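See structure below.
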Amino acid sequence: MNKILIFIGLLLLTNLNLLARENNHLEDTSLVSNRLKLTFRHRIENIKYFTIKKNGVIKHVYDIKNGVLLSGKTIKNLKADRVRSLRIGQFNQNVLRVVIESKYFLEKSYRVKNRTLTIYLPAYKKVLPKTIKQIKKYHYSKKRHNKLIILDAGHGGRDVGASNKRIREKNLTLSMTLKLREILKQMGYRVLMTRAKDKFMNLKQRTDFANRYKGDIFISIHVNAAPIKRTPKVKYEGITVFYFSIKNTKRIKNRRIRYRGKKVYTVRDYKQMTGYWKRIHAKSLALKVRSNILTHLRKRYSVNDKGIKRKPFWVLLATTMPSILVETGYISNKNEVKKLQDKNYQRVLVEGIAKGVNSYFGL
Ligand SMILES: [Zn+2]
């Protein structure tokens, strides 16, 4: 009798063991932004994914072989953007089924890594940061000291830039950039300059420098000049902040961008090179710097705002980090050139830029 009981007991145990090996219990479920992560006790053997379309709604179905819900109760309380319903339940003894109902197709449906199944919900594209607030959260810690800022004083050496009588752009940009470096360093940033003295550097050398040192942002300082053939209604006075964006430059999408007579990049290459991330950051930086220059300068001086603008300048294009170019004023304008030579004005102006940098990093 005892022997039989032991035999039955052993039989039961082996059966249970077999069951335990086959059943792959769902141990953890998490939903972070657009990712639904299911972690199982064992390695995931097999997933079947298919969709069913009905009345404009797509059912995304994921069947996990040997998946078992510990509680046995269907999970229904998960909510996500652009998802009508989300259920995780036992389809049958051997299959755990996840059903996502949505009007949207999935950019990328799922990924399996050992014990974890990651399902990408339709919000996939949307998790990229859009507002300035989100950008801050997404990329930056609150520490300044690890941020490297590349400053670029426009022109230099034999390239004098714009001029008005004896006043040269290259000297004004260097003087302002040196002041900006000092202020940013005081604030706790790391700063490198493409040139810190009056020497010639071509544009590629400047962007190569910035890319080699992997700056977090790049700021180029220039002084504007009115064109020889002036357009009567345009006021050639004030501050402009440039950044490069692909969005409104469809016209030049396939145009070759020339550099020293050579064809280097197409705008399309650029888009691939830097993508969405750099573009949205550059715009954010441009906005912050512009508004901070204006509010800071206007405490003491009157200044004309020419806004933020997009242009395919080489330094904005070939840098791998978010980059802007600040035209600090017009050398051709009588009032402005006077101010631009004034050390105090220069200081207040670059303080505005530094404040804009702070604001961009969320400080
Ligand atoms: Zn210039």
Worksheet entry | Among (1) within 16 Å of the ligand (Cβ to nearest atom); (2) closer than 21 Å to residue 290 by Cα, the one test that residue 160 misses | (2)
Item to complete: For residues that are free of Cβ contacts under 8 Å to residues at least 60 places away in the same chain and within 14 Å of the ligand (Cβ to nearest atom), scanning just segment 163-172, find the one that is farthest from residue 289 (Cα to Cα).
Response: 168
Item to complete: Name, by its number, the condition in (1) part of a loop (DSSP other than H, G, I, E, B); (2) within 16 Å of the ligand (Cβ to nearest atom); (3) within 22 Å of residue 310 (Cα to Cα); (4) of a type in the set (A, V, I, L, M, F, W, C) that does not hold for residue 218.
Response: (1)
Worksheet entry | Hey, residue 330 buried (at least 20 other Cβ atoms within 10 Å of the Cβ), modelled with pLDDT of 95 or more and of a type outside the set (A, V, I, L, M, F, W, C) or not | yes
Response to the item:
The number of residues in segment 320-342 that are within 15 Å of the ligand (Cβ to nearest atom), assigned to a loop (DSSP other than H, G, I, E, B) and either among the aliphatic types (A, V, I, L, M) or not assigned by TED's automatic domain parsing to the domain that holds residue 241 (or both) is 1
Worksheet entry | Qualifying residue in segment 306-319 (condition: of a type in the set (Phe, Trp, Tyr) and assigned to a helix (DSSP H, G or I)) | yes
Item to complete: Within segment 143-175, count every residue that is under 21 Å from residue 224 (Cβ atoms), of a type in the set (A, V, I, L, M, F, W, C) and open to solvent by less than 40 Å² (accessible area, probe 1.4 Å).
Response: 6
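Table: residues versus (1) more than 15 Å from residue 35 (Cα to Cα); (2) modelled with pLDDT of 90 or more.
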site: 72; (1), (2): yes, no
site: 76; (1), (2): yes, no
site: 91; (1), (2): yes, yes
site: 95; (1), (2): yes, yes
site: 98; (1), (2): no, yes
site: 103; (1), (2): yes, no
site: 112; (1), (2): no, yes
site: 115; (1), (2): yes, yes
Worksheet item: Does at least one position in segment 185-194 carry a residue that is modelled with pLDDT of 95 or more, on the phi > 0 side of the Ramachandran plot and part of a loop (DSSP other than H, G, I, E, B)?
Response: no
Worksheet entry | Where residue 322 falls short, out of the listed (1) under 16 Å from residue 219 (Cα atoms); (2) open to solvent by 20 Å² or more (accessible area, probe 1.4 Å) | (2)
Practice prompt. Hey, could you check segment 176-207 for residues that are without any contact (Cβ under 8 Å) to a residue 12 or more places away in the chain and away from the ligand (no atom under 16 Å from the Cβ) and say which is least open to solvent (accessible area, probe 1.4 Å)?
Written response: 182
Practice prompt. Within segment 289-303, track down each residue that is closer than 15 Å to residue 340 by Cβ and crowded, with 17+ Cβ neighbours inside 10 Å.
Written response: 293, 297, 303
Worksheet entry | Test result for residue 47, surrounded by 13 or more Cβ atoms within 10 Å (Cβ to Cβ), more than 19 Å from residue 84 (Cα to Cα) and among the β-branched types (Val, Ile, Thr) | yes
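The values are calculated or read from the model by the stated rules, or taken from the named source; none is laboratory data. From a predicted model like this one, the values you see are computed outputs, not experimental measurements. Ideal geometry is used to build each Cβ from the backbone, glycine not excepted, and the neighbour counts take in all protein chains shown. Each accessible area value is taken on the protein alone, full model and side chains, heavy atoms only, with ligands, DNA and RNA left out. Shrake-Rupley method; radii C 1.70, N 1.55, O 1.52, S 1.80 Å.
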